[in-house]
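Notes follow the structure.
The values are calculated or read from the model by the stated rules, or taken from the named source; none is laboratory data. All figures in this text were calculated on a predicted structure; none of them were measured in a lab. Don't worry about glycine lacking a Cβ; one is built from the backbone with ideal geometry, like all the others, and counts go over all protein chains shown.
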Amino acid sequence: MKCITIVLTTALFVTAPVWAGDLSGPQNNAVRSAKNYLSMMGFSRAGLIHQLSSDAGDGFEVSDATVAVDSLNIDWNEQAERSAKNYLNMMGFSCKGLIKQLSSSAGDKYTVEQATYGAKKAGGC
């Protein structure tokens, strides 16, 4: 029983959210960059982490970008809807095509569920 308590306590500690005061300097800078990107357009979690960590983006360490993104309270369905609206403003998409663009690893990297939600809410389906 003692072992189970230790495992559960450890699991809770490991999965606890990171508070802004617990972030390192690079993580705080990544948070600032993430907020700036989100003010301009919709991003998926994976897409935002990629943008922050890629050499063509901001160049943060993947771990710092991940902690930064996960420290924010982001509605990924809302982000998917924003991205879907942007695509529909630029060109026509079928429902299936829009969901594929939003969820593709070469596209926006939303989950299929988030992409479907966004496509429907944006009027693409």
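State whether one or more residues within segment 62-69 are over 12 Å from the mean Cα position of the chain (by Cα), in the same structural domain as residue 32 (by TED's automatic domain parsing), part of a helix (DSSP H, G or I) and polar (S, T, N, Q). Looking through segment 62-69, at least one residue is over 12 Å from the mean Cα position of the chain (by Cα), in the same structural domain as residue 32 (by TED's automatic domain parsing), part of a helix (DSSP H, G or I) and polar (S, T, N, Q). Taking the residues in segment 23-50 that are in contact (Cβ under 8 Å) with a residue 12 or more places away in the chain and farther than 24 Å from residue 114 by Cα as candidates, determine which candidate is farthest from the chain's Cα centre (by Cα). Selected residue: 24. May I ask you to list the residues in segment 87-120 that are out of contact with any Leu (no Cβ under 8 Å at 6 or more places or on another chain) and either buried (at least 17 other Cβ atoms within 10 Å of the Cβ) or within 29 Å of residue 26 (Cβ to Cβ) (or both)? Residues satisfying the conditions are 93, 99, 101, 102, 103, 105, 106, 107, 109, 111, 116, 117. Among residues of segment 101-125 that are assigned to a loop (DSSP other than H, G, I, E, B), those with a beta-carbon under 7 Å from a residue that is among the basic types (Lys, Arg) at least six positions away or on a different chain give the pairs 122/85. One residue alone among 46, 84 is in contact with a Phe, Trp or Tyr (Cβ under 9 Å, 6 or more places away or on another chain) and either part of a loop (DSSP other than H, G, I, E, B) or surrounded by fewer than 17 Cβ atoms within 10 Å (Cβ to Cβ) (or both), and that residue is 46. Within segment 25-43, restricting attention to residues that are among the hydroxyl-bearing types (Ser, Thr, Tyr) and surrounded by 12 or more Cβ atoms within 10 Å (Cβ to Cβ), the residue that is farthest from residue 79 (Cα to Cα) is 33.
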